[in-house]
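The values are calculated or read from the model by the stated rules, or taken from the named source; none is laboratory data. These numbers come from a predicted model, not from an experiment. For neighbour counting, all protein chains shown are included, and Cβ atoms are generated from backbone atoms with ideal geometry for every residue, glycine included.
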């Protein structure tokens, strides 16, 4: 199982970016790149090539699901596991995310203290 | 001995008789035989002579005949023995007369000479000369001779041979005579004598028998014969009965058995001494002694013993006994009977008398004296004394009656009055009978006198009562007929007055407003003469009026009467109140100008009449009120913004009312009379509710008619006499409400989501700070931040719960039901709450049976419920206490309990436990960090799983929350027959809500949806799988939907696929372009209703929509109903009936394609439905039995297929049903079953 090192966070809310950054970098020790929208992420990912992408659903411009689809269409990025991190977690939403191929869903608000651990668990689950 | 002797004599007699007969027969036979032989010889000889003579005539014509005869004689002589003691003549007819040539007499042959003219031979000769032969009996010299004659034609000769009859017959006759004598002697000795003897003996026996019977058997006297030793030789049944022994039991026993012991001991000795010559003390003298019965009891008897000496062998003494106890009893009974008679006469007030007609003597029993008012036997009874006692007016009647009886023999039966010395008059009934001598002269007259005064009184009373009863009945009939109250009151008044013999009467009715009494009916007075009575008049004249009590009050002299009554000089009467519900309704009175007393029955009658009239008045008032309120109701219904549609048992609309009907464009007049299904077609929920209402279950369903949405309350309408079948539907339009509800849901969803975003930052930041990521903080600061953090957490929970509650209330909460091992869910819930429990210092334990416990449930929701209950229990437990999660299986239910040892739930709070925002102590909400919504959500979830939730909390603290879910029977799903090509539809759609909706509808129709969120993905799937068709959104990410349709049409593998377009942006251009595409069968605007989509799908040629087969499922178990409904989903219209009656109602109105029946229904066997199907049903309606029991013998031919409930496999069921339907051309859509269908 490859080690989880590089994580891409796609999130339009700066405050959440800040919290997540502390959780993942400071507490989790991951290398983190943050993008504020779908288009930006699509542009950044081929260069960064993260091990895992944390993707918000509701974003101005290209939203999470569309971003995921776009990633899947690009052979370079099509195999990167994606976790949706979202406040939209009604059962129907969750099953939709799963059907799109998300490896996990982290509902907002998340616990910053355990976020890294949760992400790690999902990672291991996706590779187990 | 005698008999044997007789038989032997008889035998001898018979033998002799037989011998005599044989002898006679032999004699006769011998005689005949000899005659025949004689004739034969004569014939032979004659022909010999004839032939010799003929020869001589030819060869020596001159030889005289006589020489020939000589030869004949010679030859005859040789055979002389033959003719011994016989004779032979040869007689010739010559010109000289008849000549006898040869004669044999005593063995000598000699010429005889002429035959005399009186010769006995002439007759046979004449015959012989005529050429005949034969035998004749002739008398020669006084002796009978047998003579045979034969002709010798050549010489006109006749040969006569003969022998004397007597010689031959005599020996036989002698023998005959002797044997006859012997036979006669034998008969006399063997038959006649014994017969005479027997007859004499029989007569003797009969006489003996008759005497014996008289003496012994039929007599109640006992007869005992004993021998010299005292042993019983013979007894008659009377003795056995008398002493209580079984027949024959005493035979041979000592007679001492029948005596008391002290006698018995001395008896043998006495007998011995008597036989030795001692003087007789008992023998020959009758006396009273004591007998002992078998059971030891003793009784008096009269005994007479005779010494028979030696007159009969083996018997010495004869005893005749008679039971004296019975005689004593009879005497006593006779005395008792006399006493009883006297008593009876006294009780029945009936005396008897006897009149000796010739002497005129009269005897009265004591009671006659009493009836006539005298001391018993106070004076000698005489006929004049009798007449004196009779009422003067009745005397003639009595004397006439007596005269008729004596002279004309007419039975004496006279009712008359008696005047007692005290002057009291009593009514008596006398009867009597005259007895006469043979000449018809009257001798005696015997009769009875009965005091019937009381009886008469009762009879009169009964007659009055009967009249009153029939009067009441008549009034009741009038009431029932609905006679108007005015007439009824008049009628009732006159009936009461007439029956009680009154000539005045009045009825006043109370005016509820003024309290005045208004005259309403009158008898004896003109109505207009009656004054209205003011309250003060009433209280003065009828003080009892206020009591509202219909007990009649007889008029008393003191009462101040109203003027009209005073004027009529009313002296007596009754006044009755007509009782109302709360206040009296009026007053009824009947009066007379005589003082009058009333019996209890009269009062009762008046009261009954008053009550009945009051009831009728009340009924009329209620009727008027009812009419009024009906009118009001009709106004309300007509003007209410609802629509009321009544449906009868034949699904025909019988009534349409309500403002909504017109406002919504319905035309009530047009709808009434039409079929409900015709007017509201394609509403399966409505149909189902209609059927349920026929099972007497009300339901509210939502009905979307396109432009308007309705909430329809479907309730059973119980028609007259409880007949089922009618249904009332109340339609309330909720289009606007639904819109608002939808807006509210959306608003709450949006707000919740929007709230979470800032909360994420707040909670995240606080979490990091309190987590110590930013470094150590002063304790106070940390405490404050913890408060902020905890409250942000609570806010999140609150938002989640509000969202849940909103969904529950709007009915949008989606459950992902699937078969679930609840055991595992429990383990998981307990595990995930261990951390929480530790936080509170509470020990969380589970007591779970290890067996698998399956329920049909949504796992996430189950976890939610369990977590909620567990966290509640933990929160409200003191530190160190235990919280136990338990799981029990109770029959068909699984029960989960969560037990805590907290303070318990205060009694006053208990009713509100499951209410929203309810917590026992509002401070708890903040202290315990709850939202007050958890239990409310739990209840909603459990109830949506078909379960129940509850709790028990003791006053000592400790609470157990529990919920129960129905056990799910795991079903084996059919995977084998699955063919993905036949049921798969490609859905090209990127909107999650639309995907969900479309998928649900497709699943419901029995299709499997495969989703592509882009054109690219769709093309991928199209290349890899086979589909039935495509449902496509036009606005897709990336490639345009229209482009995709083009490509589908280009590809030879997909060009046949029907496409349904879904889009929010179908403008005219798009419609034109895509409409031109051959594969696009329909275009559906978003947002769309399920019906619209189904309608579009029906155009694809898939079997959906109105052509669905109709299956009638008859079953009383809700789980099985649900199972079958889920099995077929929307692929068939499943009509459900829980009873045979409901099923029959459906069969009357709907044509079904197939029936699935259970055998055990509340009102019978489902198979019975096959017996009498209505004519509207198919001739061979396929019937599938889904039952827990095997079919009874002989039922197979009525059934197409059988499924056992415990092994029913939805896939197989569907397959079989489809096969059966295909045979009747109504097949289901080609779609094997999937888990999704079941779970839906």
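Some points to look at:
- As a summary of the residue check, residue A:27 satisfies the conditions (1) over 30 Å from residue B:858 (Cα atoms); (2) surrounded by fewer than 17 Cβ atoms within 10 Å (Cβ to Cβ); (3) within 9 Å of chain B (Cβ to nearest Cβ) except for the one numbered (2).
- Search result, residues across the range B:767-794 that are surrounded by 18 or more Cβ atoms within 10 Å (Cβ to Cβ) and either within 9 Å of another protein chain (Cβ to nearest Cβ) or under 60 Å from the mean Cα position of the chain (by Cα) (or both): B:767, B:768, B:770, B:792
- Checked against the criteria, residue A:46 counts as surrounded by fewer than 16 Cβ atoms within 10 Å (Cβ to Cβ) and either away from chain B (no Cβ under 11 Å) or part of a strand (DSSP E or B) (or both).
- Test: residue A:56 is in contact with a helix residue (DSSP H, G or I) (Cβ under 6 Å, 6 or more places away or on another chain) and within 11 Å of chain B (Cβ to nearest Cβ): yes
- In the range B:134-180, the residues that are surrounded by 13 or more Cβ atoms within 10 Å (Cβ to Cβ), assigned to a helix (DSSP H, G or I) and modelled with pLDDT of 75 or more: B:173, B:175, B:176, B:178, B:179, B:180
- Residues of the range B:746-755 classified as more than 11 Å from chain A (Cβ to nearest Cβ) and either in contact (Cβ under 8 Å) with a residue 60 or more places away in the chain or crowded, with 17+ Cβ neighbours inside 10 Å (or both), total: 1
- 2 or more residues exposed (fewer than 15 other Cβ atoms within 10 Å of the Cβ), facing another protein chain (nearest Cβ under 8 Å) and in contact with a strand residue (DSSP E or B) (Cβ under 6 Å, 6 or more places away or on another chain): qualifying helices (runs of 4 or more DSSP H) within the range A:59-128: none
- Of all residues making up the range B:804-833, the number that are touching a helix residue (DSSP H, G or I) at 6+ places or on another chain (Cβ under 6 Å) and away from chain A (no Cβ under 14 Å): 4
- In the range B:571-579 there is at least one residue that is touching a helix residue (DSSP H, G or I) at 6+ places or on another chain (Cβ under 8 Å), in a loop (DSSP other than H, G, I, E, B) and surrounded by 15 or more Cβ atoms within 10 Å (Cβ to Cβ).
- Residue in the range A:23-40 that is under 25 Å from residue B:987 (Cβ atoms) and assigned to a strand (DSSP E or B) present: no
- Scanning the range B:494-512 for residues that are farther than 14 Å from residue B:617 by Cα and not in a strand (DSSP E or B) returns B:494, B:495, B:496, B:497, B:498, B:499, B:500, B:501, B:502, B:503.
- Flag: residue B:799 matches the condition of being under 25 Å from residue B:945 (Cβ atoms), crowded, with 16+ Cβ neighbours inside 10 Å and within 14 Å of chain A (Cβ to nearest Cβ).
- Residue in the range B:992-1009 that is farthest from the chain's Cα centre (by Cα), counting only those that are farther than 21 Å from residue B:1214 by Cβ and within 11 Å of chain A (Cβ to nearest Cβ): B:992
- Failed criterion for residue B:208 (all others in (1) more than 15 Å from residue B:293 (Cα to Cα); (2) at pLDDT below 80; (3) touching a helix residue (DSSP H, G or I) at 6+ places or on another chain (Cβ under 7 Å) hold): (3)
- Selection status of residue B:732, more than 14 Å from chain A (Cβ to nearest Cβ), surrounded by fewer than 16 Cβ atoms within 10 Å (Cβ to Cβ), in contact with a strand residue (DSSP E or B) (Cβ under 8 Å, 6 or more places away or on another chain) and at pLDDT 80 or above: no
- Every residue from the range B:475-484 that is more than 11 Å from residue B:612 (Cα to Cα) and touching a helix residue (DSSP H, G or I) at 6+ places or on another chain (Cβ under 9 Å): B:482, B:483, B:484
- On the stretch given as the range A:1-16, residues that are under 15 Å from residue A:59 (Cα atoms), more than 8 Å from chain B (Cβ to nearest Cβ) and either under 12 Å from the mean Cα position of the chain (by Cα) or assigned to a loop (DSSP other than H, G, I, E, B) (or both) total 4.
- Filtering the range B:815-849 to residues that are under 28 Å from residue A:88 (Cβ atoms) and touching a residue at least 12 places away in the same chain (Cβ under 8 Å) leaves B:815, B:816, B:817, B:818, B:820, B:825, B:828, B:829, B:832, B:833, B:836.
- Residue in the range B:283-296 that is in a loop (DSSP other than H, G, I, E, B), exposed (fewer than 12 other Cβ atoms within 10 Å of the Cβ) and modelled with pLDDT of 80 or more present: yes
- Considered as a group, the residues in the range B:590-643 that are closer than 22 Å to residue B:730 by Cα and touching a helix residue (DSSP H, G or I) at 6+ places or on another chain (Cβ under 8 Å) include one that is surrounded by the most Cβ atoms within 10 Å (Cβ to Cβ), and that residue is B:643.
- Annotation: of all residues in the range B:237-263 being on the phi > 0 side of the Ramachandran plot and either touching a residue at least 12 places away in the same chain (Cβ under 8 Å) or not in a loop (DSSP other than H, G, I, E, B) (or both), the one that is nearest to the chain's Cα centre (by Cα) is B:244.
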